[in-house]
Amino acid sequence: QPQLVESGGGLVQPGGSLRLSCVVSGLELDYFAIGWFRQAPGKGREGTSCISGSGVTYYLDSVKGRFTISRDDAKRTVYLQMNNLIPEDTAVYYCAATRWRGSLPPAPLHGPYQYWGQGTQVTVSS
């Protein structure tokens, strides 16, 4: 049974940093691209980043230069390093997996993503 578990969220001040982790089990990582999504209060789901099995990445414009997605297949973990955080980054962050091998899928920040984690809260506030 595929399972994705996020961790690393918390409360930080503007300009601070957090690193989110997503531990993946029950699926062949080489055959999946992994994305980080977020849902802010009162807003819909928004894709922030995606990484393919070969390490190709894609980012939402508003997080480019601030967020970095990476994979450690030995640990079966995908990370999202978030720097220079701003209040607009406040959201529940989810990792998700889409079955796709090779370069990035056609819609890396939209899907379809078959498997989802439970989410971790990120709050950026003074």
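Which percent, nearest 5, of DSSP beta bridges in the chain are antiparallel?
Numbers: 39 of 42 bridges.
The antiparallel proportion sits near 95 percent.
The alpha carbons of segment 1-123 give a radius of gyration and a Dmax of 13.2, 38 Å, in that order. Applying a DSSP loop filter and a limit of 16 other Cβ atoms within 10 Å to the trypsin sites (Lys or Arg not before Pro) in segment 1-58 leaves 43.
Relative contact order for the chain: what percent, with Cα pairs under 8 Å and sequence separation of 6 or more? Intermediate values should be presented prior to the final figure.
Working: 326 pairs, mean separation 46.0, N = 126.
Rounded, it is 37 percent for the chain.
Unpaired cysteine residues in the chain (no second Cys Cβ under 4.7 Å): 50.
Just to verify a number: FRET efficiency for residue 76 and residue 126, C-beta to C-beta distance, R0 = 41 Å, to 0.05? Step by step, r from the Cβ atoms, then E = 0.70.
Test of understanding: what is the full-extension gain from residue 64 to residue 3, defined as 0.36 nm times their sequence separation minus their Cα-Cα distance? Could you put the intermediate results ahead of the total?
Values: separation 61, 0.36 × 61 = 21.96 nm, distance 2.78 nm.
Between residue 64 and residue 3, full extension yields 19.2 nm more.
Residues in segment 103-111 carry Karplus couplings, in order, of 5, 4, x, x, 10, x, 9, 10, x Hz; the curve used is 6.51 cos²θ - 1.76 cosθ + 1.60 with θ = phi - 60°, and Gly or Pro positions show x.
FYI, it's all coordinate maths here, none of it is from the lab. Only a predicted model underlies this, so the values are computations on that prediction, with no experimental measurement involved. Note that each Cβ is placed from the backbone with ideal geometry, even for glycine, and that neighbours are counted across all protein chains shown.
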